[in-house]
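**Student:** Shown below is the structure under consideration.
The values are calculated or read from the model by the stated rules, or taken from the named source; none is laboratory data. This structure is a prediction, so every number in the text was calculated from the model and none was measured. Methodologically, a virtual Cβ is constructed for each residue, glycine included, from the backbone with ideal geometry; neighbour enumeration extends over all protein chains shown. Quick note on the areas: whole protein, heavy atoms, side chains included, nothing else; ligands and nucleic acids left out. Shrake-Rupley method; radii C 1.70, N 1.55, O 1.52, S 1.80 Å.
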Amino acid sequence: SAIGCHAQHLASFVSGLSAVRVAADVGALLPGRKVVDHVSALIEFEGGARGTLTVTQAAAGGENDIRLRVYGEKGMLDWSHREPSYLKFALNGEPARTIGRGDPFLPPAIIAAGRTPRGHPEGLREAFANIYAEVAQERMARELGETVPDLPYPRIEEGAHTMAFIEACVASQARGTWVDVAKAPPR
């Protein structure tokens, strides 16, 4: 089952860390259902960072409700798929702030990833357009003999890591223990 693959990839991409081991509860919540519709996992990332992942296809009204929260030594980030243009950001001892897509103080690479002015909806289609544009930029640079830019589009290595994560979750459920996630080859 691939339930949770997008959330897992998002957590790894945003944190810059790969999952190294998991302890997971994987199964069906709905009686008689033969497919996995719920996963709860404790995750250990590289460097000892910890995370939790809860995904379900048995939550009425919760469709595509991906939410990512990252808590660190200095503060936290909070992002929701349902409000993708905004990121809540708080540093310890300071008021929480909301950063909007297109805010003028953002780095140029982040502003360039936007395709419509602030306040206009943007999302899934634009994300795929950005991936295609990054792949095209890389391929053109390679063909022209120019320096190949290091662009963040997802690579096969991330996909392999996500599949290893899913396999480790299933194995954790079967064994009732923490299971190591197979290491993906470096980019």
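**Student:** Within the range 1-11, how many residues turn out to be in contact with a helix residue (DSSP H, G or I) (Cβ under 9 Å, 6 or more places away or on another chain) and either open to solvent by 20 Å² or more (accessible area, probe 1.4 Å) or among the β-branched types (Val, Ile, Thr) (or both)?
**Tutor:** Qualifying residue count for the region: 6.
**Student:** Restricting to the range 28-68, and then to whatever is polar (S, T, N, Q) and either free of Cβ contacts under 8 Å to residues at least 24 places away in the same chain or not in a strand (DSSP E or B) (or both), can you tell me which residue is surrounded by the most Cβ atoms within 10 Å (Cβ to Cβ)?
**Tutor:** Going through the qualifying residues, I end up with Gln57.
**Student:** Return the residue satisfying two criteria in turn: it lies in the range 13-27 and is under 16 Å from the mean Cα position of the chain (by Cα) and open to solvent by 20 Å² or more (accessible area, probe 1.4 Å), and of such residues it is nearest to Arg155 (Cα to Cα).
**Tutor:** The extreme case among them is Phe13.
**Student:** Can you tell me which residues in the range 134-187 are within 15 Å of the chain's Cα centre (by Cα) and either charged (D, E, K, R) or not in a helix (DSSP H, G or I) (or both)?
**Tutor:** Pro152, Tyr153, Pro154, Arg155, Glu157, Glu158, listed by residue number.
**Student:** Find all pairs meeting these conditions: Cβ atoms under 6 angstrom apart; at least six residues apart or on different chains; first residue within the range 76-94 and at negative phi and free of Cβ contacts under 8 Å to residues at least 40 places away in the same chain; second residue assigned to a loop (DSSP other than H, G, I, E, B) and of a type in the set (S, T, N, Q).
**Tutor:** Between residues of the range 76-94 that are at negative phi and free of Cβ contacts under 8 Å to residues at least 40 places away in the same chain and residues that are assigned to a loop (DSSP other than H, G, I, E, B) and of a type in the set (S, T, N, Q), the close pairs are His81/Asn64.
**Student:** Residues in the range 80-89: is at least one touching a Leu at 6+ places or on another chain (Cβ under 9 Å), under 30 Å from Gly176 (Cβ atoms) and of a type in the set (Ser, Thr, Tyr)?
**Tutor:** Taking every residue of the range 80-89 in turn, none turns out to be touching a Leu at 6+ places or on another chain (Cβ under 9 Å), under 30 Å from Gly176 (Cβ atoms) and of a type in the set (Ser, Thr, Tyr).
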